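Working notes, structure below.
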Amino acid sequence: MKRRDFVTLVGGAAAWPFAAHAQYAVPVIGYLNGASQSEFPHLLAGFRKGLTEAGYAEGRNVTLEYRYADGRYDRLPALAADLVSRNVSVIVATAGTPTIRAAKAATSKIPIVFVIGSDPVAFGIVASLNRPGGNITGITLVASETAAKRLGLLLELIPVNAAIAVLANPNNPVSEPQLRELQTAARSLGRELFVLKASTESDLATAFQMMEQEHIGGLIVAADPFFDDRRAQVVMLAAKYKVPACYVRNDFVKEGGLMSYGPDATDAFRQAGMYTGRILKGEKPSDLPVMQPTKFALSINLSTAKSLALTLPPTLIARADEVIE
């Protein structure tokens, strides 16, 4: 064998392990969340389940880098930029439209999978549901589109002349379409809707004090990570001021809230995990249509209803998917 051929052979053999390592390197997923790490572990579990169904398991053949904003949206751009600087394989953006916008602004190359509570087309996140375009796709929970349904359910429980309020976070753009739908629904029923805004814990206390002053008889809590993170405080204030309230997530009901109606969020995160796995295998976000929920659930806390001296119609209880005694 000629020396040149031998050197080439040895050099190629030496390089092969490095090439193989690069080819089979464990991918890294950046998990960007607008809420806090301690909130909604079942949603993260749903995401991991979807990853597993797609053939990936954290710690085995995929790594996750977690970034949480703790409800402080001003932190999101820096957190998103940090994930981009680490050259992650996919960014998963959840818990609020500001989270998704921060991820999208940070990169046009790294694939992004989102879970959003409203219409991603209306907010300019994607071009269309069927053809999202660019480097982004995901799952919509259409929380704003179910706002009128929550109002209707609440009206079944309170007196016909009771004043109604909605609690919304002015710092979250997803609040606006929810408010529009609620205002439209309230007007169609000849009801006035008071809008109370809160983006800090002190705002929450002030909002409930205003409800007492205005003799509010029923409350709709808008979908928002800020309220999700502080659901114990929101539920406690609703109990303190004896205000019947309807929420999006059943987590509020499990902690003592009266009622919730919304999509199956855990399953939505499972779908996000599956999409992430498919992208890791080579599919393009632009080829994956934005998925919409098909399952919605009504949850009622009978103990809370009793403490509020509410008489629940038997037909409403029969329609509930979850009844907490």
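The values are calculated or read from the model by the stated rules, or taken from the named source; none is laboratory data. Keep in mind it's a predicted model, so treat the numbers as computed, not measured. Note: ideal-geometry Cβ built from the backbone for every residue, glycine included; neighbour counts use all protein chains shown. Note: accessible area is taken over every heavy atom of the protein model, side chains too, but ligands, DNA and RNA are not part of it. Shrake-Rupley method; radii C 1.70, N 1.55, O 1.52, S 1.80 Å.
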Fill in the blank from the handout: Checked the stretch 104-124 for anything surrounded by 15 or more Cβ atoms within 10 Å (Cβ to Cβ) and modelled with pLDDT under 90; matches are ILE116, GLY117, SER118, ASP119, PRO120, PHE123
Problem - the stretch 186-195, residues that are among the hydrophobic types (A, V, I, L, M, F, W, C) and either in a loop (DSSP other than H, G, I, E, B) or surrounded by 17 or more Cβ atoms within 10 Å (Cβ to Cβ) (or both) - result: ALA186, LEU189, LEU193
Completion exercise
The correct count of residues that are open to solvent by 30 Å² or more (accessible area, probe 1.4 Å) and either β-branched (Val, Ile, Thr) or in contact with a Cys (Cβ under 7 Å, 6 or more places away or on another chain) (or both) in the stretch 52-103 is 3
Problem - Matching entry among PRO159, PRO173, PRO177 (being touching a Phe, Trp or Tyr at 6+ places or on another chain (Cβ under 7 Å) and not small (Gly, Ala, Ser)) - result: PRO173
Exercise for the section: Residue by residue through the stretch 216-228, note down the ones that are surrounded by 22 or more Cβ atoms within 10 Å (Cβ to Cβ) and not hydrophobic (A, V, I, L, M, F, W, C). Expected result: GLY218, ASP224, PRO225, ASP228
Exercise for the section: Answer yes if at least one residue in the stretch 232-250 is over 19 Å from LEU157 (Cβ atoms), in contact (Cβ under 8 Å) with a residue 24 or more places away in the chain, open to solvent by less than 30 Å² (accessible area, probe 1.4 Å) and touching a strand residue (DSSP E or B) at 6+ places or on another chain (Cβ under 8 Å), and no otherwise. Expected result: no
Practice task
Pick out the one residue from GLN213, GLN209, GLN183 that is of a type in the set (S, T, N, Q), under 26 Å from PHE296 (Cα atoms) and open to solvent by 20 Å² or more (accessible area, probe 1.4 Å).
Solution key: GLN183
Practice task
Spot the failing condition for ALA318; the list is (1) small (Gly, Ala, Ser); (2) surrounded by 15 or more Cβ atoms within 10 Å (Cβ to Cβ); (3) without any contact (Cβ under 8 Å) to a residue 24 or more places away in the chain, and only one is missed.
Solution key: (2)
Problem - Criterion (among the small types (Gly, Ala, Ser), within 30 Å of LYS104 (Cα to Cα) and touching a Pro at 6+ places or on another chain (Cβ under 8 Å)) met by exactly one of ALA268, ALA272 - result: ALA268
Exercise for the section: Could you please let me know if ARG131 is more than 17 Å from the chain's Cα centre (by Cα), closer than 30 Å to LEU167 by Cα and of a type in the set (D, E, K, R)? Expected result: no
Problem - Within the stretch 273-310, tally of residues that are part of a loop (DSSP other than H, G, I, E, B), in contact (Cβ under 8 Å) with a residue 24 or more places away in the chain and either over 22 Å from the mean Cα position of the chain (by Cα) or at positive phi (or both) - result: 4
Practice task
Would you point out the residue of the stretch 218-272, among those that are assigned to a loop (DSSP other than H, G, I, E, B) and under 17 Å from the mean Cα position of the chain (by Cα), that is nearest to GLN37 (Cα to Cα)?
Solution key: ARG230
Exercise for the section: Can you give me the number of residues within the stretch 152-176 that are modelled with pLDDT of 90 or more, open to solvent by less than 10 Å² (accessible area, probe 1.4 Å) and in a helix (DSSP H, G or I)? Expected result: 2
Practice task
Collect the residues in the stretch 267-306 that are in contact with a helix residue (DSSP H, G or I) (Cβ under 7 Å, 6 or more places away or on another chain), of a type in the set (Ser, Thr, Tyr) and within 20 Å of VAL221 (Cα to Cα), keeping them in residue-number order.
Solution key: SER299
